[in-house]
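These notes are about the structure you will find just below.
The values are calculated or read from the model by the stated rules, or taken from the named source; none is laboratory data. Everything numeric here is computed off the predicted structure, so don't read it as measured data. In this analysis, Cβ positions are derived from the backbone assuming ideal geometry, glycine residues included, and neighbour counts consider all displayed protein chains.
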Amino acid sequence: MPQVDRIAEPWGTRTPYGPGDTWPVRVDSFLEQGLAEHDVDRWVPSATILHSNGDALDIAVKDGRIAGVRGRAGDRVNRGRLGPKDLYGWQAGQSPDRLRRPLIREHGRLVETDWDTAMDRVAGRARELLAEQGPSAIGFYTTGQLFLEEYYTLALIAHGGIGTNHVDGNTRLCTATAAAALKESFGCDGQPGSYTDVDHADVIALYGHNMAETQSVLWSRVLDRLAGPNPPRLVCVDPRETAVARAAAVHLANRPGTNVPLMNGLLHEIIANGWIDERYIREHTVGFGELRERVRDFPAEEAARLCDVPVDDLREAARIIGTADRLLSTVLQGFYQSHQATAAAVQVNNIHLVRGMLGRPGCGVLQMNGQPSAQNTRECGADGDLPGFRNWSNDDHVRDLARVWNVDPLVIPHYAPPTHVMQMLRYAEEGSLRFLYVTGTNPAVSLPELARVRSILEQERLFLVVQDIFPSETALMADVVLPAATWGEKTGTLTNADRTVHLSDKAVDPPGEARPDLDILLDLARRLELTDKDGAPLVKWHDAEGAFEAWKECSRGRPCDYSGLTYELLRGGGVQWPCDARNPDGTERLYADGRFRSAPGDCEDFGHDLVTGAPLSDTEYRALNPGGRAIIKAAEYLPAHEEAGGEHPFWLITGRTVYHFHTRTKTARVPQLQRAAPEPWVELSPADARRLGLAEGDLVEVATSRGAVRARLRVTGMRDGVVFLPFHYGYWDRPGGHRPEDERSGRAANELTTTDWDPVSKQPLFKTAAARVTLVERGAGGPSAAPTTAAARPAGTGVPATTGGPQALAGESGQEPGAGRVSGRVREGGAA
């Protein structure tokens, strides 16, 4: 079997193919040193947990421990391929600092205890606050990395038992705008497109989506199309010179904060040149007239001026997009975490609506997710929405959910929109939210304006519970820490960004006394004595499969219908929802027949004003869209709240690297990944570096009005006027995990970001801060340790290439022995 250094070659070896062909199989594998595949005791089916792509794999078990992974050749998502985090990330679970016993705070210190003591303290404090203040005292903040079964159980406990509206996930930081944009355009969440659209598209447009590093296997699929006959043309919108930008026919490196005028300029050109499907617009949409009027103010010259991009490039991008026969568009954090996030993402949907490009092979939109089960948080209601894409402001939907849960509808909070995490923190800051239960996430590093966040989380009046697998920065502030099992140590399902559901079976036992998240939640429900309206236990299941069967009934007839799925079926490979009696093999693409889940009585949301975020009423929505069509929404451009200039002349943006995930809670504990990107870095363009008298490897300080970060400089193909910081880095290398208060500068990019969010999606904005860059120390120590393989590729010479060496050699082979069919062979269309 060929061996490839997958740190040096993150996307592996090319397997070219042409339009309409099946993506060839390439099975990637990585086992612990000295172990061969025939030595493995058993292979357990699962899917990846360190990104949103949903790559299917098998876990190698040897002597009761996880010993490696192998891609599944028969799965529709990855056809056997794995990315660097897939291949090496499993080692994190074996780190010696795993949480193994519950911890409680005694006299200011966290000390080990038993489960009964810890859970009695959690449930006891919750009962006290419910009696004293009611549900408004209690908040839950979860993750995008648990299983569907755990999210649904949490949603039932929080909404149907406690009755709190304070429920959100860290998906608010990565995927909230995806959900919001889909609701605004189609009346409902759910990705219209499919990964297989890459196989058919002749144009792929990527908006703020560094696919090469955030979904590396999907980028491998694109690279294989580019290497084959009749390759697609790419359009990239990104201020950085990413690997995507280098492969693109047109790269639009627009000024941060100008995504709306850029999109309006593209739409102006598309409409003015007649590159639209007038019949589709007439029969399947509302709102086109307003859009046409709005974009008249954004001719190519004006849009290019506002965005600071060459006008010829903008026109060429519009021509490529506007004349495509099969257009696939993807969107991610460059839009979602930027100024006017939802308004900009909606304009991507508008391009597909005015061009009539939905529901056909190669014609789709993927408003991408950032985490492996972010889609599940939205479906199940663990992000605050109601389960099954039900509309919280539709009384019929609330009554239907109450029927499923056998509770009084008044128990389910629907008097106001769900409370997003930034508002929950405001309530905690003011003292009305007094109990926060954090699961599988690290807000002490990932939320904006960290000095403020730390001061809130450390309040004595806030009772903080953290359920996690490692002693994260947030866990070290908690009153109670609950040790959880992780991937491979429990059973459950997770749904990726193109609606593919995978089953991950338990392979090994968790360490020490750690428990699956589902078991912890079931214990909490029991101790809180939550009941339905007949006095029976509210939560009626006892294991993962029981929770899945209950979820199937909750989702039956809803857009995200799981009723046709079973664990047995999913052991054969991933299947896309909706999967029901009419679509027993799943549904590859939504809206193929121009039918949407947007009728007033059916839609998940009545929509919002894109500028103010003000929600539309039922009456307003019925007047706008009585026939349940797709909604074309125009967007007014407003300048960002914080503009670069004066003492802070740079736009600060944050982002990711292919080698790390979120705050490195897992990936920092993986030798191959940590060595590839061991510390934070700062990126500037060559022109900006020369102007400031800076060079590769200099220690620089990036400062905003909120804080400062010091790191080594990497000079890259960044656009002028922009400074970049990776957001992954916290304080792992510091005793106790806390930032020393006497130190001027930190390592976490979110020391610098602002407390500001999109008015519709409530997603915090991480890419619109104004900053300055100053020299601290000349780079006598050599170049920055930033990876050279992707967007952080140095603009100059003399920087050693990033490699993994012998420890990073992974196998690549052809057809996996015994591999079956490609899973998820489904009909081409259908409404959600």
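For segment 695-716, the set of residues classified as within 25 Å of Q674 (Cβ to Cβ) and not in a strand (DSSP E or B) consists of E696, G697, D698, T716, listed by residue number.
Condition check ((1) surrounded by 15 or more Cβ atoms within 10 Å (Cβ to Cβ); (2) in the same structural domain as V354 (by TED's automatic domain parsing); (3) in contact (Cβ under 8 Å) with a residue 24 or more places away in the chain) across all residues:
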{"site": "D585", "(1), (2), (3)": "yes, no, yes"}
{"site": "D602", "(1), (2), (3)": "yes, yes, yes"}
{"site": "E642", "(1), (2), (3)": "yes, no, yes"}
{"site": "G645", "(1), (2), (3)": "no, no, yes"}
{"site": "G655", "(1), (2), (3)": "yes, no, yes"}
{"site": "H662", "(1), (2), (3)": "yes, no, yes"}
{"site": "A668", "(1), (2), (3)": "yes, no, yes"}
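Per the listing L494, L503, the residue uniquely aliphatic (A, V, I, L, M), touching a His at 6+ places or on another chain (Cβ under 7 Å) and not in a helix (DSSP H, G or I) is L494.
With respect to L57, determine if the residue is without any contact (Cβ under 8 Å) to a residue 40 or more places away in the chain and in contact with a helix residue (DSSP H, G or I) (Cβ under 9 Å, 6 or more places away or on another chain).
Details: without any contact (Cβ under 8 Å) to a residue 40 or more places away in the chain: yes; in contact with a helix residue (DSSP H, G or I) (Cβ under 9 Å, 6 or more places away or on another chain): yes.
Yes: the conditions hold for L57.
Please verify whether segment 183-203 includes one or more residues that are assigned to a strand (DSSP E or B) and assigned by TED's automatic domain parsing to the domain that holds R360. Checked against the condition, which is being assigned to a strand (DSSP E or B) and assigned by TED's automatic domain parsing to the domain that holds R360, segment 183-203 yields at least one hit. Selection of segment 293-348 for residues being among the charged types (D, E, K, R), more than 16 Å from L252 (Cα to Cα) and part of a helix (DSSP H, G or I) yields E293, R294.
Being at pLDDT 95 or above, within 20 Å of A790 (Cβ to Cβ), within 28 Å of the chain's Cα centre (by Cα) and among the hydrophobic types (A, V, I, L, M, F, W, C) is the requirement here; does W23 meet it? In short, no. Candidates in segment 773-802 are the residues that are of a type in the set (S, T, Y) and more than 27 Å from the chain's Cα centre (by Cα); of these, the one that is surrounded by the most Cβ atoms within 10 Å (Cβ to Cβ) is S784.
Please find, within segment 761-772, the residue that is surrounded by the most Cβ atoms within 10 Å (Cβ to Cβ) out of those that are at pLDDT below 95 and in contact with a strand residue (DSSP E or B) (Cβ under 8 Å, 6 or more places away or on another chain). Talk me through it step by step, then tell me what you get.
Looking only at segment 761-772, we keep the residues that are at pLDDT below 95, and these are 761-769.
Those still in the list that are in contact with a strand residue (DSSP E or B) (Cβ under 8 Å, 6 or more places away or on another chain) too: 763-769.
Details: Q763: 27, P764: 25, L765: 23, F766: 26, K767: 26, T768: 23, A769: 29.
Among those that are at pLDDT below 95 and in contact with a strand residue (DSSP E or B) (Cβ under 8 Å, 6 or more places away or on another chain), it is A769.
Entry remark, segment 446-477: residues being crowded, with 24+ Cβ neighbours inside 10 Å and either of a type in the set (G, A, S) or more than 26 Å from M119 (Cα to Cα) (or both) number 6 in total.
Note on segment 391-407: residues that are closer than 25 Å to G124 by Cα and surrounded by fewer than 23 Cβ atoms within 10 Å (Cβ to Cβ) total 1.
In segment 401-434, what count of residues is obtained for those that are under 25 Å from R390 (Cβ atoms) and in a loop (DSSP other than H, G, I, E, B)? Give the derivation first.
Initial filter on segment 401-434 (under 25 Å from R390 (Cβ atoms)): 401-424, 427, 433.
Now drop any that are not in a loop (DSSP other than H, G, I, E, B), which leaves 406-408, 412-420, 433.
Looking only at that region, the number is 13.
Looking at T665, is it assigned to a loop (DSSP other than H, G, I, E, B), at negative phi and of a type in the set (S, T, N, Q)? Yes; evaluated as a whole, the condition is true for this residue. Taken together, the criteria exclude R719 from residues that are within 16 Å of G796 (Cα to Cα), touching a residue at least 60 places away in the same chain (Cβ under 8 Å) and part of a strand (DSSP E or B). Is there a residue being in contact with a strand residue (DSSP E or B) (Cβ under 7 Å, 6 or more places away or on another chain), in a strand (DSSP E or B) and not assigned by TED's automatic domain parsing to the domain that holds A249 anywhere in segment 141-151? Yes, there is a match, as at least one residue in segment 141-151 is in contact with a strand residue (DSSP E or B) (Cβ under 7 Å, 6 or more places away or on another chain), in a strand (DSSP E or B) and not assigned by TED's automatic domain parsing to the domain that holds A249.
Of all the criteria given as (1) aliphatic (A, V, I, L, M); (2) touching a helix residue (DSSP H, G or I) at 6+ places or on another chain (Cβ under 8 Å); (3) assigned to a helix (DSSP H, G or I), the one not satisfied by L99 is (3).
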